[in-house]
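Participant: The structure's right below; bear with me while I get my questions together.
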Amino acid sequence: MFTINRLNHAVLWVRNAGATRDFYRDVLGFNAVKSMSEQAHFMRAGGSDNHHDLGLFGIGAGAPAPSRGERVGLYHLA
């Protein structure tokens, strides 16, 4: 048995990284930490002391629905 003390960050594969970044910023109040082109964004939630709480990686408008491999959805939690 174990207890989760803290979630460091989540990384998502998304179809449009810029639009998803805007949603997390404008609707949920996240702040942009770093962008690496328009296809990769790292964001921090308000009040967090993590370097980033969310990573967004754009993989294109035609990306398949969630499944294993490089598809839209959760990549990892750390």
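Participant: Please go through the range 16-43 and pick out each residue that is modelled with pLDDT under 90 and either among the basic types (K, R) or closer than 18 Å to A63 by Cα (or both).
Facilitator: E38, Q39, listed by residue number.
Participant: Here's another thing I want to ask about it. Looking only at the range 10-47, filter to residues that are surrounded by fewer than 18 Cβ atoms within 10 Å (Cβ to Cβ) and of a type in the set (V, I, T); which one of those is nearest to the chain's Cα centre (by Cα)?
Facilitator: Per the stated criteria, the residue is V11.
The values are calculated or read from the model by the stated rules, or taken from the named source; none is laboratory data. Computed from a prediction, not measured in an experiment: that's the story for all the values here. Methodologically, a virtual Cβ is constructed for each residue, glycine included, from the backbone with ideal geometry; neighbour enumeration extends over all protein chains shown.
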